[in-house]
1. Distance check, please: which entries in Lys198/Lys228; Lys210/Lys244; Lys32/Lys195; Lys27/Lys198; Lys32/Lys169; Lys32/Lys228 exceed 26 angstrom between their Cα atoms?
2. Mind listing the long-range amide H neighbours of Leu126? Cut-off is under 5 Å, sequence gap 5 or more, other chains count too, H placed in the peptide plane at 1.01 Å from N.
3. Please report Rg (one decimal) and Dmax (integer) in Å for the Cα set of the chain.
4. Over the Cα atoms of the stretch 30-131, what is the Rg over Rh ratio if Rh follows Kirkwood?
5. Would you work out the charge dipole size for the stretch 19-257 about its Cα centre, treating the Cβ of every Lys and Arg as +1 and the Cβ of every Asp and Glu as -1, and quote it to the nearest 20 debye?
6. Enumerate the calculated ³J(HN,Hα) couplings along the stretch 84-97 in order (Karplus 6.51 cos²θ - 1.76 cosθ + 1.60, θ = phi - 60°), each rounded to whole Hz, writing x wherever the residue is Gly or Pro.
7. Let me see the P(r) profile for the stretch 189-262: every Cα-Cα distance counted, bins of 10 Å, each bin given as a percent of all pairs.
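Throughout, read-outs are computed from the coordinates displayed, never taken from laboratory work. This is a predicted model, so every value here is computed, not measured. Reconstructed Cβ throughout: ideal geometry from the backbone, glycine too, with neighbour counts over all protein chains shown.
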Amino acid sequence: TARVRPTGNAKRQIPGVRNVIAVTSGKGGVGKSTISINLALALLRRGARVGLLDCDIFGPSIPDLVGINRPVRALGDQTFAPHQAYGMNVMSMGFLLDGDQAATMRGPMLHRFVQQFLFNVAWGDLDYLVLDLPPGTGDVQLSLTQETPISAGVVVTTPQEAALRDARKGIEMFRQVNVPVLGFIENMSYYKCGKCDKEHHIFQSGGGQKLADEYGLPLLARIPLDPKINEDGGEGVPVLIREKEGDYVHAFGNLAGRVAAE
Ligand code: ADP
């Protein structure tokens, strides 16, 4: 299959966008999209102007997370008007496809979509554009990092050994393409039963910290496994919208603070 080749072109800044934050994970299902959207919302709560780009061309999940499934409007000059969700500009491949239609494409076409999402979307003036990268270390990730400067990357993992192995690939990918890595986020870290104060470790424990120590980078957040996080009944209402205070507001607020401090 066709691979994305380095273009040799200089990276281009996205007009109006001050910082691009990339969220990656070694593998799918660890909660990368959930973390991306709540990080974006936490940045918004700090008063920043924020956009969210779902870079998963083959399995876009942001549309469901924001509860929007209608197509975006094409503007005259081949640009798209992003959707507005909770005060953020949001774009996803899911806003271009019909229902359960799947994207099938090879490297060069993928590359063009990535370019379009970065440069042919009317993002407006943004302090942060949060990129929810697809899992793994494939063409889309490479393509993105070749096209535009990424201010910082964060790696989402779960505590299990297998997830850590994949998270290492994520960090190596960032390093290879010279994206400064801010640190790790451990998701599904523990479970609180509500009957006691203990952190119950459903998976292994300490994985995120181990990874952080190994790379000399901070563990930026530990988010518990909690039905509250996906309790919106499929309505697309993220936990940071449902809750105005409490643990998650605090945890994601801290995370956003650390991202903003970079
Ligand atoms: P990824 O983007 O890594 O594939 P998602 O963010 O789509 O993962 O999350 C996968 C599933 O796990 C979703 O159903 C999501 O609601 C759920 N989920 C994510 N994080 C948590 C958590 N901390 N507690 C409970 N459920 C979670």
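1. Lys210/Lys244; Lys32/Lys195; Lys27/Lys198
2. Val17, Arg18
3. My reading of the Cα-based Rg and Dmax gives 17.7, 58 Å.
4. 0.95
5. Using Cβ point charges on Lys, Arg, Asp and Glu, the stretch 19-257 gives about 200 debye.
6. Result, rounded to whole Hz: 9, 9, 6, x, 10, 7, 10, 9, 8, 4, x, 8, 10, 8.
7. Computed distribution, short to long bins: 17, 39, 37, 8.
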